[in-house]
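One structure below.
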Amino acid sequence: MLESLQLIISLLDSTIRIATPLIFCAMAGIFSERSGIIDIGLEGKMLLSAFVAATATFLTGSPILGLFAAILASCSASLIHGFACITNKGDQVISGLAINILASGLTITLGIALFSRGGQTPPLGSEQRFMPIEFPFLDQISFIPVFGDLFAEVISGHNVLVYVSILAVFFTYYVIFKTRFGLRLRAVGEKPEAVDTAGISVIKMRYQSILIAGMLCGLAGAYLSIAHGAGFGREMSAGKGYIALAAMIFGKWNPIPTLFACLLFGFLEALGVRLEGVELLWIGEVPVQIMQALPYVLTVVLLAGFIGKARAPGAIGVPYSKEG
Amino acid sequence: MSDSNIIPKWLSVGVIPLFNLFLAFCVSGLFIFLIGENPFKAISVMIKGSFYYPGAIGYTLYYTTNFIFTGLAVALAFHARLFNIGGEGQAYLGGLGVGLMCLIFDQYIAGFLVTILAILGSVIFGAVWGIIPGYLQAKRGSHIVITTIMFNFIAAALMVYLLVNVIIEPGQMSPETRDFATGVGLVQIHMLAKYLGLNVAMSPLNLSFGIALIVSIGFWFLVWRTKFGYEVRSLGHSETSAVYSGIKVSSTIIIVMAISGGLAGLVAVNELLGVHNKLLLGFTAGYGFTGIAVALMGRNHPFGIFLASLLFGALYQGGTELDFEFSSITREMVLLIQGLIILFSGALAYMLNPLVEKIYLKYYGNFNNA
């Protein structure tokens, strides 16, 4: 009993660690796609900002500066995306893909040129990272049977960006559904002509949305390299941006369901790692690849309308021009 | 967005794409300069590496072969206004087709028959991996971009599972199958030349290059000279008018994705039957994604795709040379260049149109309006 409780707690703990970058990126995706801009480039923005975060932190010694540099880098990538597909009305998928490949090549090339370590950045010491925060009163409540452990392992003891990611979900929810800006943002993604007729600039709204998306991706990248990890490794985003995209679709472009989709996908990965080499009763050994493929399979099944229906924003992927 | 109807075709199809490419190379050169190396030296190293050294052209054409297949795969889907990002996964599955055919039959029947079966296998398995997203788009309305991305990851997980657990050579550590039997596979050009008494430097270039050229001509014929090709293009032009002219949209989408997947699957023929002689992990190495850049640059026409493939073949082969000549730039530089080409030739393809239109009208406008 105690052992299985420990197991569940450690599973939940790693679920949260794995889900954090997914949450940031999925919220970024919501901002971008709700305004009508497809964001395949989540992956590249996260990779680029992870590299910039680690590099800036190594050079300045301050993770705060690293974080800001990461956000700046990610926002620049967003601006390229915007310049291509808002200003020049280029294809959003192609532009996102270009950002991903660009980020892949740029991080390795610059990494090798700067540090000559095969694309990695030098390892960062603990004072150069966002370290786990221990909540107060841990000792006082540790006597409570289940909750004490749960609090100590799952809720407390993460780095600050983990908590920021949860705040980001509520921020996203609040901005998109409870503010005038959010109402306009959703309208721009559904019926841009209507917004334009009301005298609001579609172009400006879309640029603002993708800049917010850029900031959130920057946080995701910083989490990878200067909070969760201690330095940048080549291709360290490892498809997380695409899983976040899947989670966003799975959550039907809504922040709260998307949060749960991220947690589900994080849990699947944590479970996959935990089950590696374990013989289960009745089933036998579950291959870790099944767990890895499951988020994608689930998303395909959802998109195909077999479990509910995921409907994308109406004007997604369509560049806006006043002439129609 | 489409081509401008103000400026003549030779400008919009010939000059502007070349200028976009030029911009991509300028920005790449800027990065090389910022790193502290000489961009012109890098270019000369890459050109030498891809054309000058013995065997270099063979290597360049060997990469070109892969890009022709994936470029055509993406281009056919583009003609129906479908964005097939799944070339990578379809090529990977094509490898499974090749591998299974060889492993099952190579002990029993003659090598050249196995090779033919393996080529068919690559096309069929690749096609299946294209048909499923095609079906989901046509019948269930799932966005093909998202499903093909997901299918890339599912393919990767599936192949890792199969190669690590099922079809790995017993007693082997690295996830590869056993070698295919001798006599299976496509002959390499330098062996063929030797047989004919010519001396050609060794390279992995093999008969797949010929297949790629034949397939390119077939592609042109299919798209511009058949009823099906007409249906595909009218679907790509306007789905509504395609419906009204009696074209069965769903089945056209599914067939296009089947052919597209089959074309991508042929990468496995070049890689596995032509070079590696076994199925191994990660042999697709991003060729599927490069196919998107190739199709964009080649404007979805087989001749353009051939030229773009040649350029990317030279970039890949020349890129490996960077590793030897420079301490601070490596072959990953090619990824950067590739990203910039996709950006300038794809996403920003029409950036220059307004400017060119303005200049054109200023000098020639009077004649046209008269």
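All conditions but one from (1) surrounded by fewer than 21 Cβ atoms within 10 Å (Cβ to Cβ); (2) within 22 Å of residue A:167 (Cα to Cα); (3) in contact with a helix residue (DSSP H, G or I) (Cβ under 7 Å, 6 or more places away or on another chain) apply to residue A:64; the one that does not is (3).
I'm trying to understand the selection: among the residues of the stretch B:339-352, which are more than 7 Å from every other protein chain (Cβ to nearest Cβ) and either open to solvent by 10 Å² or more (accessible area, probe 1.4 Å) or part of a loop (DSSP other than H, G, I, E, B) (or both)? Across the stretch B:339-352, the qualifying residues are B:344, B:345, B:352.
Whenever a residue of the stretch A:52-71 is polar (S, T, N, Q), its partners that are open to solvent by 80 Å² or more (accessible area, probe 1.4 Å), lying with C-beta atoms within less than 8 angstrom and at least six residues away or across chains, give the pairs A:55/A:114; A:57/A:65.
Kindly evaluate residue A:77 against the criterion of being more than 9 Å from chain B (Cβ to nearest Cβ), under 24 Å from residue A:212 (Cβ atoms) and not in a loop (DSSP other than H, G, I, E, B).
Values: more than 9 Å from chain B (Cβ to nearest Cβ): yes; under 24 Å from residue A:212 (Cβ atoms): yes; not in a loop (DSSP other than H, G, I, E, B): yes.
Judged against the criteria, residue A:77 is a match.
Among the listed residues A:106, A:97, which satisfies the condition of being in contact with a Leu (Cβ under 8 Å, 6 or more places away or on another chain), within 14 Å of another protein chain (Cβ to nearest Cβ) and open to solvent by less than 30 Å² (accessible area, probe 1.4 Å)?
A:106
Screening the stretch B:149-244 for helices (runs of 4 or more DSSP H) wholly inside it with 2 or more residues that are touching a Cys at 6+ places or on another chain (Cβ under 8 Å) and closer than 17 Å to residue B:264 by Cα returns no ranges.
Of a type outside the set (A, V, I, L, M) and surrounded by fewer than 20 Cβ atoms within 10 Å (Cβ to Cβ): does that describe residue B:324? Considered against the rule, which asks whether it is of a type outside the set (A, V, I, L, M) and surrounded by fewer than 20 Cβ atoms within 10 Å (Cβ to Cβ), residue B:324 comes out as yes. Looking at (1) of a type in the set (A, V, I, L, M, F, W, C); (2) within 14 Å of another protein chain (Cβ to nearest Cβ); (3) surrounded by 19 or more Cβ atoms within 10 Å (Cβ to Cβ), find the lone condition where residue A:115 falls short. All conditions pass for residue A:115, except number (3).
All of B:231, B:176 fail the test of being closer than 25 Å to residue B:67 by Cβ, among the charged types (D, E, K, R) and crowded, with 18+ Cβ neighbours inside 10 Å, apart from B:176. Scan the stretch A:171-182 and give yes if some residue there is crowded, with 18+ Cβ neighbours inside 10 Å and within 18 Å of residue A:236 (Cα to Cα), otherwise no. No: zero hits. Whether any residue in the stretch A:232-254 is open to solvent by less than 20 Å² (accessible area, probe 1.4 Å), more than 14 Å from chain B (Cβ to nearest Cβ) and in a helix (DSSP H, G or I) is what I want to check. No, there is no match, as no residue in the stretch A:232-254 is open to solvent by less than 20 Å² (accessible area, probe 1.4 Å), more than 14 Å from chain B (Cβ to nearest Cβ) and in a helix (DSSP H, G or I). For residue B:220, are the conditions met, namely being without any contact (Cβ under 8 Å) to a residue 12 or more places away in the chain and among the aromatic types (Phe, Trp, Tyr)? When the stated conditions are applied, residue B:220 does not pass them.
The values are calculated or read from the model by the stated rules, or taken from the named source; none is laboratory data. Not measured: the values here are computed from a predicted model. Quick reminder, even Gly has a Cβ in these numbers, built from the backbone with ideal geometry, and neighbours come from all protein chains shown. Ligands, DNA and RNA are stripped out before the accessible areas are found, and what is left, the full protein with its side chains, is counted by its heavy atoms. Shrake-Rupley method; radii C 1.70, N 1.55, O 1.52, S 1.80 Å.
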